[in-house]
Every structure is written in C-alpha cells, then in structure tokens.
Amino acid sequence: VQLQASGGGLVQAGGSLRLSCASSRSIWSYNALGWYRQAPGKQRELVASVSGGTTQYSDSVKGRFTITRDGATNTVYLQMNTLNSEDTGVYYCNARVQWNSFWGQGTQVTVSS
C-alpha cells in the first residue's frame, strides 16, 4: 500500500487549502481513512476520519475542515477553510484495514498570521 499526500503549502490566516492523498489501492478496501497532523513540539493528533458513512472531526477543526473520498481516483481529501496559525503542522494521511495501519509521507501546512 502506498499513500501519496500533497497539497500543503503556505497560506495566510483565514485562507483555505485542500490536501489530497492518493492511494495505490481502492479506498473502499480500507476500514477507515484519516488525516493526522503534527505541530512542532507536539504529538501527532487525529483531525478527521471517515469510516463507512461516518465522519469524525477533532473539536479544533469541526466546522472548518471536511474529509471526503473519491472512489474513481482512490483519493481522500481534506478541505481546510478558515485556517489559523494553530493549524500549522505536517499533515499525514492514514489508512487502516483490519489491524494494519498505513501512512503517507506527510505534507507541510504553514499558516501565517
């Protein structure tokens, strides 16, 4: 399994970014897909996930971030709106199937105030 994340960059506070994570296998084969982020000096945290028809978000991004999937391209997206400096970090996509967990390589998001 390979997960290729992209879409990070530098954005001003209040702006938007869309992250993409392309999977080498069908996204419908996974039990769950998620986006994590790791801010400087902090632990990696889950910000959004989707399993079946259920999406979940951390309190810090609820209402601003949206996770979606595209089965035609085997890609999972994270639309991030109204970004603020606390959203800065490296974002990783994750896919889980049974007891296996797969990670993408991470994409840097930097929000300038």
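The values are calculated or read from the model by the stated rules, or taken from the named source; none is laboratory data. Just so it is clear, the structure is predicted and the values come from calculations on it, not from any experiment. Using ideal geometry, Cβ is built from the backbone for each residue, glycine included, and neighbour counts are taken over all protein chains shown. These area figures cover heavy atoms from the full protein model, side chains too; ligands, DNA and RNA do not enter into them. Shrake-Rupley method; radii C 1.70, N 1.55, O 1.52, S 1.80 Å.
Observations on the structure shown:
- Cα-derived Rg over Rh, computed across the chain with Rh taken as Kirkwood radius: 0.95
- A simple rule links phi to the HN-Hα coupling: the Karplus curve 6.51 cos²θ - 1.76 cosθ + 1.60 with θ = phi - 60°, which for the stretch 74-85 gives 6, 10, 10, 10, 10, 8, 10, 10, 6, 5, 9, 4 Hz, with x for Gly and Pro.
- Taken over the alpha carbons of the stretch 1-49 as equal point scatterers, the Debye sum produces base-10 log I(q)/I(0) values at 0.15, 0.22, 0.28, 0.32 Å⁻¹ of -0.54, -1.01, -1.22, -1.25.
- Cα-projected label distance for residue 12 with residue 97, points at 7 Å along beta-carbon direction, nm: 4.4
- Summed side-chain charge close to residue 110 - residues other than residue 110 whose Cβ falls under 14 Å, Lys, Arg +1, Asp, Glu -1: -1
- For the chain, the solvent-accessible area works out to 53 Å² per residue, with a probe of 1.4 Å and every protein chain left in place.
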